[in-house]
1. Conditions: (1) touching a residue at least 40 places away in the same chain (Cβ under 8 Å); (2) over 23 Å from Leu67 (Cβ atoms); (3) not hydrophobic (A, V, I, L, M, F, W, C). Tyr11 meets all but one. Number of the miss?
2. Does Glu34 qualify as being acidic (Asp, Glu), surrounded by fewer than 16 Cβ atoms within 10 Å (Cβ to Cβ) and within 14 Å of the ligand (Cβ to nearest atom)?
3. Across the range 64-93, which residue is nearest to the chain's Cα centre (by Cα) among those that are of a type in the set (Lys, Arg) and closer than 16 Å to Tyr38 by Cα?
4. For the range 1-31, how many residues are surrounded by 12 or more Cβ atoms within 10 Å (Cβ to Cβ) and within 20 Å of Ile85 (Cβ to Cβ)?
Amino acid sequence: MGGMVLELKNYMEKLVWQQLDNVLAAQPDLCKCEKCRYDIAALALNFLPPRYVVTNKGETFTRIKTLEQQFYVDIVTAISHAITIVKAHPHRD
Ligand SMILES: [Zn+2]
């Protein structure tokens, strides 16, 4: 009713993409092509717990800010770990 379009989203995915560029910026000799970026994001997300939230047409709720602070260190650690793996085996199919 009333045009509500509810969706489930794994907010951890959004947080990983948000932090990815910051962490990659500190790695000047790393390949940053789309394939490597997606490989790094996928690996990092496999190291992290999923955090599903309900959104209304993409609108996000305020408790997400709390999630961001709670998981910041874990996210950066997971991305760094993923970079080490992708760096050792770049462009793996
Ligand atoms: Zn690459």
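1. (2)
2. On the way: acidic (Asp, Glu): yes; surrounded by fewer than 16 Cβ atoms within 10 Å (Cβ to Cβ): yes; within 14 Å of the ligand (Cβ to nearest atom): yes.
For Glu34, the condition - acidic (Asp, Glu), surrounded by fewer than 16 Cβ atoms within 10 Å (Cβ to Cβ) and within 14 Å of the ligand (Cβ to nearest atom) - is met.
3. Pass one, the range 64-93, residues of a type in the set (Lys, Arg): 65, 87, 92.
Still in the running and closer than 16 Å to Tyr38 by Cα: 87, 92.
On the way: Lys87: 18, Arg92: 20 Å.
If we take residues in the range 64-93 being of a type in the set (Lys, Arg) and closer than 16 Å to Tyr38 by Cα, then Lys87 is nearest to the chain's Cα centre (by Cα).
4. Number satisfying all stated conditions: 12.
Read-outs: derived from the displayed coordinates by stated rules, not from any lab. Just so you know, these numbers come straight off a predicted model, no measurement behind them. All Cβ positions, even for glycine, are placed from backbone atoms using ideal geometry, and neighbour counts span all protein chains on display.
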